[in-house]
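The values are calculated or read from the model by the stated rules, or taken from the named source; none is laboratory data. These figures come from a predicted structure and were not determined experimentally. For neighbour counting, all protein chains shown are included, and Cβ atoms are generated from backbone atoms with ideal geometry for every residue, glycine included.
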Amino acid sequence: MTDVGVLGGAFDPPHNGHVVLARAGSDRFELDRLLIRVVEKPGHKQVETDPQVRLHLAELAFSPLGETELALDRHARTVDSLEALGLDDPVFLIGADEFASFLGWTRPERVLELARLGVATRPGYPPEVLDAVLMRLAFPERVVFFPIDPLEISSSEIRARVASGESIEGLVPPAVVTEIERLGLYREI
């Protein structure tokens, strides 16, 4: 059986935190393939950058990882994306912050029927927050926590830094820095 992971997001832009999550999840679950899904129109946030541009940036960010397959995801919700993929028990990778809001997702129990959740935790994240979500799930055994080195980075912070003329070196992969500059992205937010 091939172990497949899925990592979805707006990736506007993809940053080193996303790459660390992908690498740590691939290692922890010994994934043979990792599907990176760039959500065309996320249901939970506004995205201004063209989906094809975000896909291109994600290709630059994740290509050094090896066995990754990138594609646009036309589904705004994780549950719809997983149903469309039709994979055999994949691992859906998310961060602890996302898991803290998991009960507010569209059909979270169905998400757990379609995929195991690999939840990246960082030192200092309050375990009681994660436990409170876990206790309310019908399938808590489908959630696996794994440690990750903390990187306090957000895509919104990166966009703001670019708009104000600040450096984003060290926050995003070098190829992404170059492409953001070349395309003139995020100059105005």
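Do we have any residue at all in the range 99-115 that's part of a helix (DSSP H, G or I), at negative phi, of a type in the set (Phe, Trp, Tyr) and within 12 Å of the chain's Cα centre (by Cα)? Yes, the conditions are met somewhere in the range 99-115. Among the criteria (1) crowded, with 19+ Cβ neighbours inside 10 Å; (2) part of a loop (DSSP other than H, G, I, E, B); (3) of a type in the set (Gly, Ala, Ser), the one Ala120 does not fulfil is (2).
When each of Ile148, Ile180, Ile158 is tested for being more than 25 Å from Gly43 (Cα to Cα) and either of a type in the set (S, T, N, Q) or buried (at least 16 other Cβ atoms within 10 Å of the Cβ) (or both), the lone residue that passes is Ile148.
Residues in the range 130-156 that are in a helix (DSSP H, G or I) and at pLDDT below 95: 2 in all.
Residue by residue, here is whether (1) in contact with a Pro (Cβ under 7 Å, 6 or more places away or on another chain); (2) free of Cβ contacts under 8 Å to residues at least 60 places away in the same chain holds:
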| site | (1), (2) |
| --- | --- |
| Asp12 | no, no |
| Val19 | yes, no |
| Ser26 | no, yes |
| Leu31 | no, no |
| Val47 | no, yes |
| Ala71 | no, yes |
| Asp80 | no, yes |
| Glu83 | no, yes |
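Quick one: count up the residues across the range 91-143 that are among the charged types (D, E, K, R) and closer than 25 Å to Ile153 by Cβ.
Qualifying residue count for the region: 4.
Looking only at residues in the range 53-94 that are among the basic types (Lys, Arg) and out of contact with any strand residue (DSSP E or B) (no Cβ under 7 Å at 6 or more places or on another chain), the one that is surrounded by the most Cβ atoms within 10 Å (Cβ to Cβ) is Arg77.
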